[in-house]
Amino acid sequence: MVKSIYQGPYRAANTLVWQVLFPHIKLHFQSIGKYVSAQEIVNYLSDPEVQSCHGLSKTVSLATAQRWMHKLGYHWKEEEKGQYVDGHECEDVITYHQKVFMPLWESFQYFLQNWKEDDVMVEDDLDELPRHCQVVVWFHDESTFYAHDCCDVRWVHSTEGAVPKPKGEGASLMVAHFVSADYGWLQSEDGAETARILFKAGKGWDGFFTIDNIIAHAKLAMDILDKHFPHDDHILVFDNATTHVKCADDAPAARNMPKNPSKTWGVVVTTKDAHGNVMVDANGKPLKTKIQLANTHLTDSTPQSFYFMDGHEKAGWFKGMAQILCEQGLDEEASLKLECPSFKCHIAAAISYLETVCEEHGFCVIFLPKFHCELKFIEMCWGFAKWVYHQFKLSSKEDDLECNVIAACDSISLQTMCKFAIRSRCFIDAY
């Protein structure tokens with residue numbers, strides 16, 4: 001009876017093939033994993049045991065196996081890209097997420113504007129919650145657009161042939177901006193003042209987006225907020241990137257400190273002029289100089305200097321890590337060898353340079369947990385903008401690149417941003 005099922009052999013019209021043979025092929029695919037192929041069907045049906053079990057005399061052709069792949073629900077295409085998860089389960093990431101970020105967000109979430117899911121242009125009624133002053137959260141991020149990044153999938157007429165196209169990605173343009181679901185992109189009402197920064201990254205162009213650029217961008221944003229949005233409380237949210245959380249050059253750090261007093265030791269930094277530009281020598285290499293560490297404080301808030309004071313026989317010398325630890329009452333740790341794994345310099349953690357600058361201007365800064373891009377809806381704004389950008393006509397001109405990038409970013413409506421913000425907050429609520 002089994003033999004009669006496959007007489008033909010493997011006739012596509014025979015539904016018993018799908019009912020009997022296909023379940024076994026599916027089980028075989030499960031044992032292989034996700035990288036299956038039509039050739040696997042050919043190989044599977046070539047196995048004498050499989051042929052004996054199903055009453056087969058030969059395997060199928062590769063063309064038939066490819067048709068069967070479609071019947072089984074498989075299609076030859078690129079995998080759908082999902083959310084990156086690398087690093088989500090790292091202990092330091094989880095600790096920061098649960099102990100730092102979430103408590104901070106919870107402390108002001110009741111003062112955020114909310115919207116009805118069915119109509120984002122209507123504010124949700126939250127009269128029962130205390131809302132003495134509205135808090136506006138501004139998300140900062142950068143994204144790069146490429147001149148030749150256009151949509152390649154379209155309806156192509158049968159008479160169209162291959163045409164020459166530019167090679168490579170073309171010129172690039174990085175956009176740095178702030179966005180909130182309350183006001184959209186950070187700019188004045190008339191659009192004359194904007195926090196949008198266009199940056200041509202690269203050694204031969206504007207260089208690279210460093211902490212100095214981040215600080216300058218934050219200052220620009222804070223000036224606009226002070227001038228045009230003075231009645232709200234504003235919170236600036238940044239990625240937990242190395243550039244963003246970098247401390248000031250003179251911030252206390254145990255790395256590379258000598259254990260014993262030193263007359264010459266100092267923090268080596270790049271020399272800059274009065275305008276913040278890097279100074280170079282005749283060979284074009286950045287000039288370096290040494291600076292002293294800024295003072296810190298002991299556990300009882302008593303100021304502590306890392307250098308011997310005037311009147312000491314080694315006035316101006318760096319004290320060394322052992323002396324610094326002794327002043328903190330850690331005599332046992334001070335006696336350890338410098339390279340000992342247990343040797344740690346218990347210096348109070350310094351806040352980042354970005355936090356220092358923003359707090360001096362009266363603004364609060366929050367860093368997102370690492371690897372959690374879903375928590376900032378500006379990522380969705382970039383995706384929407386690039387979708388629009390793909391529709392523009394391909395051009396290698398840098399002027400067209402800039403105009404198209406600006407037009408693509410400005411095409412995102414406030415209503416769309418509100419929807420993105422709702423989705424992003426759903427992720428936060430889930431945590």
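The values are calculated or read from the model by the stated rules, or taken from the named source; none is laboratory data. On a predicted model such as this, the values are computed, not experimentally measured, just so you know. Counting neighbours? That spans all protein chains shown, and the Cβs are built from the backbone with ideal geometry, glycine included. All accessible areas refer to the heavy atoms of the entire protein, side chains included, with ligands and DNA or RNA removed. Shrake-Rupley method; radii C 1.70, N 1.55, O 1.52, S 1.80 Å.
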Relative contact order for the chain: what is it in percent, counting Cα pairs under 8 Å that are at least 6 residues apart?
-> 17 percent
For region 210-249, what does the alpha-carbon gyration tensor say about shape, rounded, prolate or oblate, given a ≥ b ≥ c as the root eigenvalues, a/c under 1.5 as rounded, and a/b over b/c as prolate?
-> prolate
Residue 283 versus residue 246, label points 7 Å from Cα toward the beta carbon: distance in nm?
-> 2.3 nm
Please work out how much accessible surface residue 49 shows to a 1.4 Å probe, ignoring ligands, DNA and RNA, in Å² rounded to 10.
-> 140 Å²
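Return one whole number: the accessible area per residue of the chain in Å², for a 1.4 Å probe. Numbers along the way, then the final one.
Working: 26530 Å² over 431 residues.
On a per-residue basis, 62 Å².
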Quick calc: nm separation of the 7 Å Cα→Cβ label points for residue 226 and residue 104 -> 2.2 nm
Specify the residue with the greatest mean-square fluctuation among 25, 291, 351, computed from a Gaussian network of the chain linking alpha-carbon atoms under 10 Å apart.
-> 25
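Sort 20, 179 by heavy-atom solvent-accessible area, probe 1.4 angstrom, most to least. Before the final figure, lay out the partial values.
Numbers: 20 55, 179 0 Å².
The ranking, largest first, comes out as 20, 179.
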Expected vector for region 260-273, Karplus 3J(HN,Hα) from phi with 6.51, -1.76, 1.60 and θ = phi - 60°, integer Hz, x for Gly and Pro, equals 9, x, 9, 7, 10, 5, x, 7, 7, 10, 7, 6, 10, 7
Residue 359 - accessible surface, heavy atoms, 1.4 Å probe, Å² rounded to 10 = 110 Å²
GNM of the chain, Cα pairs under 10 angstrom: of 57, 143, 158, the biggest fluctuation goes to 57
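Classify region 132-263: rounded, prolate or oblate, from the alpha-carbon gyration tensor (a ≥ b ≥ c, eigenvalue square roots; a/c under 1.5 rounded; otherwise prolate if a/b is larger than b/c)?
On the way: a/c = 2.99, a/b = 1.39, b/c = 2.15.
Oblate.
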Ignoring ligands and nucleic acids, residue 288 exposes an accessible area, probe 1.4 Å, in Å² to the nearest 10, of 130 Å²
Taking only DSSP H segments of four or more residues, each worth -39500 (n - 2.57), what value at 222 nm results for the chain once the sum is divided by all its residues, to the nearest 500 deg cm²/dmol?
-> -9000 deg cm²/dmol
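How large a share of the accessible area of the chain, in percent, is made up of carbon and sulfur atoms when the probe is 1.4 Å and the other protein chains stay in place? Kindly include the intermediate steps, with their values, before the conclusion.
Values: 13960 of 26530 Å².
The computed percentage sits at 53.
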Of (1) 41.8, 133; (2) 31.0, 106; (3) 24.3, 83, the label for Rg and Dmax of the Cα atoms in Å derived from the coordinates | (2)
By accessible area (1.4 Å), largest first, 317, 138, 387 order as 387, 317, 138
What pairs in 81/370; 203/285; 386/419; 219/288 have C-alpha atoms more than 24 Å from each other?
-> 219/288
